[in-house]
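The next block holds one structure in the form of structure tokens; read it before the comments.
The values are calculated or read from the model by the stated rules, or taken from the named source; none is laboratory data. From a predicted model like this one, the values you see are computed outputs, not experimental measurements. Reconstructed Cβ throughout: ideal geometry from the backbone, glycine too, with neighbour counts over all protein chains shown. Please note that ligands, DNA and RNA were not included when accessible areas were found on the heavy atoms of the full protein model with its side chains. Shrake-Rupley method; radii C 1.70, N 1.55, O 1.52, S 1.80 Å.
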Amino acid sequence: MTGYFASMNVPGAAFAAHILVVDDDREIRDLLGRFLTKHGYRVTAAQDGKEMRRVLADWSIDLVILDLMLPGEDGLSLCRYLRSRSQIPIIMLTMMSEETDRIVGLEMGADDYLPKPFNPRELLARMKAVLRRAQSAPAVAVNGKRKILRFAGWKLDLGLRRLESPTGLVIDLTAGEFDLLVAFAEHPQRVLNRDQLLDLTHGRAEAPFERSIDMQISRLRHKIETDPKQPELIKTVRGGGYVFAAIVAPDETLDT
């Protein structure tokens, strides 16, 4: 079962990077969960590829710590899967004798590797370095293409951070409104509660508390809904959260 390690008592935890640990060794999952939470990170653990995909579907992850030797689908396959769909930083955990696999992992797009047994402090240092590189890198889509999402005639350009109406009008959105719309468009027809929306937007709403999501959604509805009082795109689910009801079609445009 997937393990969740809350970092609620850590100052600034609402803005902490969210780390996904994928390892079939429960002791390692528990160790890293406690250690990284103590150092201010949010941590979710998965024991295999199936759980990893479930976590990625529900949460916004900033870095994946991925064990090479997993039952069923191994770490190399999962690394290939991750890199084909995103630029999430990956640190692979390998055994000392698996040098060839480490090289293959790096060639597949892993950002770093650490041989087992490892010192958690060394892993922490490598994580910080990888996250710094990821944060300073320009936002581009996989294979040099810019990701665009289309829904109900609207065009959401993730690379340019721009929203165009069905008539071609560029809509002025705040950073928080844009991130919120991206979170909805990347998870259509799925009920998302306020905690998930805060996580998916990395807490970049104007104020890091649940009511801020409601205010952001209200403002967003006034910009994209025909009738904000009877929304057709962002619908409220009583007691559950919100759901983006539009059909979303991904598109990719070569960056020029």
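Expressed as a whole percent, the accessible area of the stretch 28-81 that falls on carbon and sulfur atoms is 50 (1.4 Å probe). A simple spin-label model places pseudo-atoms 7 Å from Cα toward Cβ; at residue 235 and residue 122 they are separated by 5.3 nm.
List the lysines whose Cα sits under 29 Å from the Cα of residue 235, skipping any in the same chain fewer than 8 residues away. Candidates past the 8-residue exclusion: 147, 155, 223. Residue 240 sits among other residues whose Cβ lies under 13 Å from its own Cβ, and their net charge, with Lys and Arg +1 and Asp and Glu -1, is +3. On the beta carbon distance between residue 135 and residue 251, with R0 = 30 Å, the FRET formula returns roughly 0.70. Net charge in the neighbourhood of residue 132 (other residues with Cβ under 13 Å of its Cβ; Lys, Arg +1, Asp, Glu -1) is 0.
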